[in-house]
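What follows is a short report on a single structure.
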Amino acid sequence: QFLFVVTFSTFLLCCVDYDVLFATRPLNHSHVPERAKVTLPDAVLPAPQCARRLRGSGWLLFLLVLAGAVWLCRLVTALRRLVGYWEIRSFYIRALGIPAEELCNHSWQSVQARLLALQRRQPLCVPRRELTELDIHHRILRFRNYTVAMVNKSLLPVRFRLPLLGPVVFLTRGLQFNLELLLFRGPAALFQNTWSLRPQVKRAGARRALARGLARAAVLLGVANLALCPCVLGWRLLLAFFSYAEGLKRAPGSLGARRWSLYARHYLRHFNELGHELQARLGRGHAPATKYMDSFSSPLLAVLARHVGFFAGSVLAVLIVLTVYDEDVLTVQHILTAITLLGLVVTVARSFIPDEHAVWCPEQLLQRVLAHVHYLPEHWQGRAGRAETRAEMAQLFQYKAVFILEELLSPLVTPLILIFAFPPRALDIVDFFRNFTVEVAGVGDICSFAQLDVRHHGNPQWLSEGHTEAPPERQAEHGKTELSLMRFALSNPRWRPPPPARRFLGHLQAQVTRDAATAPAPRHLLAEGPLAASLLSEDS
């Protein structure tokens with residue numbers, strides 16, 4: 001894809017005669033008198049002329065050399081990954097006894113069970129005779145658990161308060177790549193390899209020196225991003241155009257669809273939750289989240305949209321009728337452009353018109369969202385119909401157009417965050433890695449939150465009364481430790497949790513049993529409950 005975009009863009013710049021293509025200069029057909037129409041080959045320059053135009057542009061040659069170097073790096077990376085994938089394939093076939101054609105019939109739990117059985121027969125991890133399901137997740141999600149914990153403790157510079165805009169969340173793939181390079185994978189990272197921190201990170205006396213080094217590395221990385229900003233921005237623009245232009249013409253409303261933001265995928269992720277598990281959970285929450293966001297409408301915008309849609313639709317209808325009556329209408333200059341733009345205006349206008357037959361209850365829709373995503377701020381309770389709640393939800397569940405815009409702005413904003421926003425937090429980040437890292441034999445250094453230890457990281461408000469000794473600064477926010485423990489125990493029923501976690505789960509099961517025993521009969525729920533009152537009321 002990278003090679004195609006670079007080659008095709010170079011062809012459009014150097015090898016197309018736009019005077020012929022736009023018919024601003026007549027084409028001489030004297031040598032072929034029977035030809036009267038301009039064809040696509042007529043607008044393509046001969047190869048020697050194309051090469052001369054390419055050699056005459058120094059900046060274009062520089063960009064092509066730079067693109068070639070980037071492509072070679074990506075090729076080497078792809079080959080390395082291919083070798084790793086081949087090793088994984090061989091491991092599945094020979095060690096786990098799962099042929100490639102049968103892999104689609106196995107769940108992750110069955111693969112994990114075979115891996116644990118293999119460890120007992122032929123130790124893959126020498127320091128320990130047996131591994132647990134939690135150990136496997138720690139190895140796979142080592143860096144991801146750290147990132148989820150830092151987002152949970154609001155350590156990463158991704159939330160800002162800007163003039164006129166108010167609270168803003170900015171986390172893109174480019175910024176995430178740079179943060180991972182700083183903390184986990186780069187030459188100045190806090191991890192010295194894929195399984196252990198640098199020894200000085202664990203010493204309290206070296207915290208300030210480490211923080212200064214981390215801040216300096218962030219500034220240098222930001223300057224490098226700033227120097228490469230024009231090239232990266234140009235690449236982002238080309239990639240966005242080739243990726244979304246055709247889809248925008250075919251389905252203009254696709255940019256109005258919503259998706260979970262990259263920040264939401266960290267904020268809503270449990271500790272030790274694999275990527276496919278997170279994707280399935282957020283996928284189940286997509287429909288109720290869309291209904292909740294669509295339940296908000298502006299009467300003024302709806303009136304304006306109806307009028308704009310009527311005017312644009314009327315003109316579009318006339319143009320379509322004229323085109324059906326006589327195809328020569330299409331030869332009129334810019335007539336196709338007008339039809340396309342009018343169709344886009346009609347589609348956008350319709351998106352602002354609410355369904356007049358729909359009856360939405362924001363509180364219940366938000367509860368449906370919570371049933372799947374599990375994490376919502378406490379101050380949203382009872383305030384689902386407020387515009388402030390919708391604005392905060394939009395930071396987690398954003399328009400696709402907003403996602404594309406953020407990715408396009410990333411080459412400009414990421415250097416500023418690295419240079420100005422990251423250094424002041426460097427000391428807190430170093431302290432976080434020192435205070436919340438534990439070494440597990442056979443696994444390496446892991447984030448202590450990922451151990452799901454309610455005694456050391458539990459929150460007393462989440463049914464952990466008497467089972468936690470954690471001070472407020474060591475507690476996970478929003479009950480993430482407890483919720484992650486519940487999810488992991490449900491996903492891995494054969495896992496034997498440690499005694500504190502077992503007591504918490506037993507307490508939770510007892511509470512659920514008591515609630516079920518005292519709940520009203522199901523036949524009374526629809527007759528007397530608030531759900532029925534909301535669904536049956538005409539003015540809800």
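The values are calculated or read from the model by the stated rules, or taken from the named source; none is laboratory data. This structure is a prediction, so every number in the text was calculated from the model and none was measured. All Cβ positions, even for glycine, are placed from backbone atoms using ideal geometry, and neighbour counts span all protein chains on display. All accessible areas refer to the heavy atoms of the entire protein, side chains included, with ligands and DNA or RNA removed. Shrake-Rupley method; radii C 1.70, N 1.55, O 1.52, S 1.80 Å.
Which residue is farthest from Val111 (Cα to Cα), if the candidates are limited to region 489-511 and must be in contact with a Leu (Cβ under 7 Å, 6 or more places away or on another chain) and not in a helix (DSSP H, G or I)? Applying the filter and picking the extreme gives Pro497. Asn435 meets each of the listed conditions (1) under 17 Å from Val151 (Cα atoms); (2) more than 16 Å from the chain's Cα centre (by Cα); (3) touching a residue at least 60 places away in the same chain (Cβ under 8 Å) apart from (3). Among the residues of region 204-215, write down those that are out of contact with any helix residue (DSSP H, G or I) (no Cβ under 6 Å at 6 or more places or on another chain) and without any contact (Cβ under 8 Å) to a residue 40 or more places away in the chain. Matches in region 204-215: Gly205, Ala209, Gly213.
Based on this model, can you work out whether Leu210 counts as open to solvent by less than 40 Å² (accessible area, probe 1.4 Å), closer than 30 Å to Leu274 by Cβ and out of contact with any strand residue (DSSP E or B) (no Cβ under 6 Å at 6 or more places or on another chain)? Can you show your working first?
Working: open to solvent by less than 40 Å² (accessible area, probe 1.4 Å): yes; closer than 30 Å to Leu274 by Cβ: no; out of contact with any strand residue (DSSP E or B) (no Cβ under 6 Å at 6 or more places or on another chain): yes.
Criteria not met by Leu210.
Residue under question is Leu13, and the condition is that it be open to solvent by less than 100 Å² (accessible area, probe 1.4 Å), farther than 30 Å from Glu273 by Cβ and hydrophobic (A, V, I, L, M, F, W, C); does it hold? Against the criterion (open to solvent by less than 100 Å² (accessible area, probe 1.4 Å), farther than 30 Å from Glu273 by Cβ and hydrophobic (A, V, I, L, M, F, W, C)), Leu13 qualifies. Of the set (1) at pLDDT below 95; (2) of a type outside the set (Val, Ile, Thr); (3) not in a helix (DSSP H, G or I), all apply to Arg455 but (3).
Can you find a residue that is in contact with a Pro (Cβ under 8 Å, 6 or more places away or on another chain) and either outside any helix (DSSP H, G or I) or closer than 30 Å to Ala312 by Cα (or both) anywhere in region 377-389? Yes, the conditions are met somewhere in region 377-389. The single condition among (1) over 18 Å from the mean Cα position of the chain (by Cα); (2) closer than 30 Å to Phe310 by Cβ; (3) assigned to a helix (DSSP H, G or I); (4) not hydroxyl-bearing (Ser, Thr, Tyr) that Ala401 does not satisfy is (1). For region 160-194, filtering for residues that are under 25 Å from Ala394 (Cα atoms), small (Gly, Ala, Ser) and surrounded by 12 or more Cβ atoms within 10 Å (Cβ to Cβ) leaves 1. Restricting attention to region 182-206, the residues being in contact with a Leu (Cβ under 7 Å, 6 or more places away or on another chain) and part of a helix (DSSP H, G or I) number 4.
Give me the residue from region 414-450 that is in a strand (DSSP E or B) and of a type in the set (A, V, I, L, M) and, out of that set, most open to solvent (accessible area, probe 1.4 Å).
My answer is Val438.
Quick check: is even one residue across region 178-194 in contact (Cβ under 8 Å) with a residue 60 or more places away in the chain and closer than 15 Å to Glu407 by Cα? Looking through region 178-194, at least one residue is in contact (Cβ under 8 Å) with a residue 60 or more places away in the chain and closer than 15 Å to Glu407 by Cα.
Only one entry in Leu221, Leu248 is at pLDDT 90 or above and either of a type in the set (Phe, Trp, Tyr) or at negative phi (or both), namely Leu221.
Filtering region 386-411 down to residues that are among the basic types (Lys, Arg) and touching a residue at least 12 places away in the same chain (Cβ under 8 Å), which residue is surrounded by the fewest Cβ atoms within 10 Å (Cβ to Cβ)? So that I can check it myself, show each step before the final result.
Here is the first cut: in region 386-411, the ones among the basic types (Lys, Arg) are 386, 390, 400.
Within this subset, residues satisfying the condition of being touching a residue at least 12 places away in the same chain (Cβ under 8 Å) are 390, 400.
On the way: Arg390: 18, Lys400: 15.
Applying the filter and picking the extreme gives Lys400.
Checked across region 34-44, the condition of being assigned to a helix (DSSP H, G or I) and surrounded by 10 or more Cβ atoms within 10 Å (Cβ to Cβ) holds for at least one residue.
List the pairs whose first member sits in region 495-518 and is among the aromatic types (Phe, Trp, Tyr), whose second member is open to solvent by 30 Å² or more (accessible area, probe 1.4 Å), and whose Cβ atoms are under 8 Å apart, counting only residues at least 6 apart or on separate chains? Once the first residue is among the aromatic types (Phe, Trp, Tyr) and sits in region 495-518, its partners that are open to solvent by 30 Å² or more (accessible area, probe 1.4 Å) give Trp495/Thr132; Phe504/Leu463; Phe504/His467.
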